[in-house]
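Below you'll find the structure, written out as structure tokens, and then a few comments.
The values are calculated or read from the model by the stated rules, or taken from the named source; none is laboratory data. Quick caveat: nothing in here was measured; it's all calculated off a predicted structure. Quick reminder, even Gly has a Cβ in these numbers, built from the backbone with ideal geometry, and neighbours come from all protein chains shown.
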Amino acid sequence: MNIKALLKTLTLEEKAGQLTQLPPFFFHPDALKEVAGPIQRLQLSEDDIFVAGSVLGVGSPEEMMTIQSKYLEKSRHKIPLMFMADIIHGYKTIFPIPLALAGSFSPDNFYQMARASAIEATSSGIHVTFAPMADLTKDPRWGRVMESYGEDPYLAYQYAFAATKGYQGASLKNVTSLAATAKHFAAYGAALAGRDYAQAHVSLHDFYQQYDAGYRGAIDAGAKLTMTAFNVFEGIPATINKSLIKGVLRKRLGFKGVVISDYDSIIESVVHRVSKDDQDAVRQALLASVDIEMASGAYIKHIPTLVRTGLIDEGVLDKAVFRVLKLKRDLGLFKNPFKGANISKEKSVPLSTRQKTIAKRLADESIVLLKNDQNILPLSNQKVALLGKMSQTGALLGPWSWHGRRDITASVQSRFPRSKLIASSSIEDVDKWDKATLNEVKSSEVIVVVSGEDEHESGEARSKAHPILDGQTVAFIRQLQQFNIPIVLVLTAGRPLVLTSIINQVNSIVYAYFLGTETAASIVDTLFGINNPSAKLTMSFPRHVGQIPLSYNYLNTGRPFANQKPSYTSHYIDESNKPLFPFGHGLSYSHFSYTDMQDVSTSEQLAVQVTVTNDSDRAGFAITPLYMQALLAPVALPNRQLVAINKTWLVAQEKRIVTIKLDWQWLSYIDENYRRTRLKGKIALTLSLDDEGPTLTKELS
């Protein structure tokens with residue numbers, strides 16, 4: 001397809017149409033309708049609709065083929081529609097939410113998740129996914145932390161890179177390949193006070209030092225699209241911020257692909273009071289090189305007028321249309337407008353044995369054991385009372401699982417061994433139990449409480465001022481203490497919760513997040529030791545909401561607190577500085593030791609070796625993080641910064657020497673002119689945040 005020749009034949013209205021994305025019901029009135037904002041008042045004409053370039057969301061291959069056929073019948077140039085959707089952690093087979101999967105400390109797991117998701121989603125006729133979400137965040141009040149990788153830039157880069165590769169596959173023309181979208185540019189995860197859509201509360205230096213890492217990872221992996229953010233960045237809404245999109249995204253980061261707005265975000269700049277009206281918002285967005293407008297239809301309404309009146313040069317419009325048409329060509333849509341859509345495959349592949357096997361393995365590697373006093377876990381032959389509001393529900397998939405089936409998703413109770421279960425109830429109030437339940441619970445040897453957030457408490461527009469465990473659940477756990485029976489607490493959540501109120505009231509805590517289709521199976525297998533937990537936290541768990549935002553990679557003050565008596569140092573007078581559970585925390589049923597750390601760098605590759613030993617009688621994953629501290633730098637750098645990871649499976653009593661390679665980009669800093677510069681001088685390399693274990697000092701030249 002000769003894109004330049006095709007472009008010359010398009011009218012202004014047709015060009016504007018290619019930059020417009022509409023929900024499916026505009027083309028197909030029977031399509032599922034989940035609309036928000038001003039699109040309900042658009043009153044687009046049929047001519048407007050049938051020059052649009054892409055569709056937001058589609059429910060099935062039949063729906064996709066119906067819409068595409070109807071569109072092509074009415075389209076003058078027969079330019080196919082692109083179908084886009086949020087395929088965040090699965091299509092029908094749902095995998096762990098990204099925040100949970102991040103704890104597996106495995107970029108390959110993100111590749112596998114994305115590849116499996118793409119295989120399913122493309123069978124429905126979807127061509128583009130709005131993932132990976134590469135926003136770094138340090139604030140659990142923000143509802144979309146569930147979609148993020150946490151507070152660390154190294155992990156954000158690695159995971160976004162791997163997910164992008166997984167979605168897009170070996171070639172974008174393959175029927176199982178989805179074009180990936182890096183989002184939300186920029187600094188959406190730094191929302192002021194954790195309130196969704198609020199201004200980014202981050203300096204430009206911090207943005208380049210930490211917050212841009214995920215976007216760089218996706219772009220370096222070849223992401224075909226980038227989505228703009230809702231928030232204000234450096235005083236201007238990101239969606240119309242020319243210096244941000246053209247200067248940073250396209251020039252500094254080298255992004256050459258399609259930029260798409262988030263839902264209605266262009267015309268929302270009018271509400272920000274930086275655009276006079278919708279037309280002015282469109283003008284600013286197009287000049288900033290935003291190529292596709294999602295949902296509101298303002299592009300198709302105003303671009304032709306802006307060009308005809310000279311407020312926008314047609315050359316600017318042509319560049320945007322060219323990028324969109326090129327993406328369609330790269331996807332192979334001109335040769336096959338129905339690419340991927342396959343009715344039989346869409347019925348047979350999702351929730352197949354292969355897909356569920358992948359989901360189970362990823363869930364097993366994502367579940368976190370936070371506490372295990374007296375080694376209550378794993379359970380063996382104890383009589384168990386299974387309690388809690390989340391113990392009997394299949395609503396365990398998590399937000400952004402729009403095709404997931406809660407009605408056929410197993411509950412924890414349904415997966416629990418019948419022979420071990422002596423009592424069960426989802427009522428979190430002992431006073432409301434009947435006498436039989438009360439007596440059964442009293443006769444149990446271990447109480448397992450499955451509770452926490454439900455799916456609707458996290459995700460977009462689900463910010464919380466108090467990300468704490470529900471008061472009813474806290475009261476319930478205190479009621480249970482009267483029985484003097486060990487308590488195991490299993491928590492579902494889409495964010496870190498403040499657990500200070502119950503930390504001393506339970507013996508063990510298993511943090512399950514939302515693990516997707518195989519959540520219940522993974523929880524039960526972890527409780528009984530069939531799965532040996534290995535995941536680590538990628539966000540710090542605060543002791544108190546007043547500590548938020550909180551992260552391990554903080555900058556030292558000139559007066560650091562070091563457990564001395566109260567003095568003029570940086571500390572709270574009413575709470576510890578330290579988190580309840582730090583970044584990287586996560587227990588195992590195995591025990592690992594680390595010794596003999598050595599520098600084995602060559603002239604071509606920086607690397608260290610460390611001996612890892614499984615001192616236990618149980619096989620498991622040993623996760624070895626490598627942290628760096630610059631002992632002297634031209635700018636203030638984090639007290640610790642993750643620079644590499646290793647994950648190794650060790651059988652009982654196995655000892656292995658592992659080599660951890662370092663990439664120079666993580667041994668760098670942003671200078672006063674915002675340039676990335678390699679560190680020189682001495683650095684300390686450690687395997688922990690608290691100086692336990694081996695430490696290596698190295699001179700960088």
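Rundown of residues vs (1) buried (at least 24 other Cβ atoms within 10 Å of the Cβ); (2) assigned to a helix (DSSP H, G or I); (3) in contact with a helix residue (DSSP H, G or I) (Cβ under 7 Å, 6 or more places away or on another chain); (4) without any contact (Cβ under 8 Å) to a residue 60 or more places away in the chain, yes/no style:
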residue: 110; (1), (2), (3), (4): yes, yes, yes, yes
residue: 113; (1), (2), (3), (4): yes, yes, yes, no
residue: 124; (1), (2), (3), (4): yes, no, yes, no
residue: 131; (1), (2), (3), (4): yes, no, yes, yes
residue: 135; (1), (2), (3), (4): yes, no, yes, no
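Taking the conditions (1) touching a residue at least 12 places away in the same chain (Cβ under 8 Å); (2) surrounded by fewer than 19 Cβ atoms within 10 Å (Cβ to Cβ) in turn, residue 418 satisfies each one other than (1). Could you list, in sequence order, the residues of the stretch 354-374 that are in contact (Cβ under 8 Å) with a residue 12 or more places away in the chain and polar (S, T, N, Q)? The answer is 355, 366, 372, 374.
The set of residues in the stretch 401-423 being outside any loop (DSSP other than H, G, I, E, B) and closer than 24 Å to residue 117 by Cβ consists of 406, 407, 408, 415. Within the stretch 465-476, identify whether any single residue is within 23 Å of residue 522 (Cα to Cα) and out of contact with any Cys (no Cβ under 9 Å at 6 or more places or on another chain), and answer yes or no. Yes, because at least one residue in the stretch 465-476 is within 23 Å of residue 522 (Cα to Cα) and out of contact with any Cys (no Cβ under 9 Å at 6 or more places or on another chain). Determine if the stretch 345-353 includes at least one residue that is of a type outside the set (Ser, Thr, Tyr), part of a strand (DSSP E or B) and surrounded by 15 or more Cβ atoms within 10 Å (Cβ to Cβ). No, the stretch 345-353 has no match at all. Looking at the stretch 504-615, the strands (runs of 3 or more DSSP E) lying wholly inside it that each contain 3 or more residues that are assigned by TED's automatic domain parsing to the domain that holds residue 419 and touching a Leu at 6+ places or on another chain (Cβ under 8 Å) sit at 508-511. For residue 441, the test of being more than 29 Å from the chain's Cα centre (by Cα), touching a residue at least 40 places away in the same chain (Cβ under 8 Å), on the phi < 0 side of the Ramachandran plot and surrounded by 20 or more Cβ atoms within 10 Å (Cβ to Cβ) is passed. Taking residues in the stretch 242-271 that are crowded, with 18+ Cβ neighbours inside 10 Å, and partners anywhere that are in a strand (DSSP E or B) and charged (D, E, K, R), the pairs with Cβ atoms closer than 6 Å and at least 6 places apart or on different chains are 261/293; 266/293.
The single condition among (1) basic (Lys, Arg); (2) crowded, with 24+ Cβ neighbours inside 10 Å; (3) in contact with a helix residue (DSSP H, G or I) (Cβ under 7 Å, 6 or more places away or on another chain) that residue 165 does not meet is (2).
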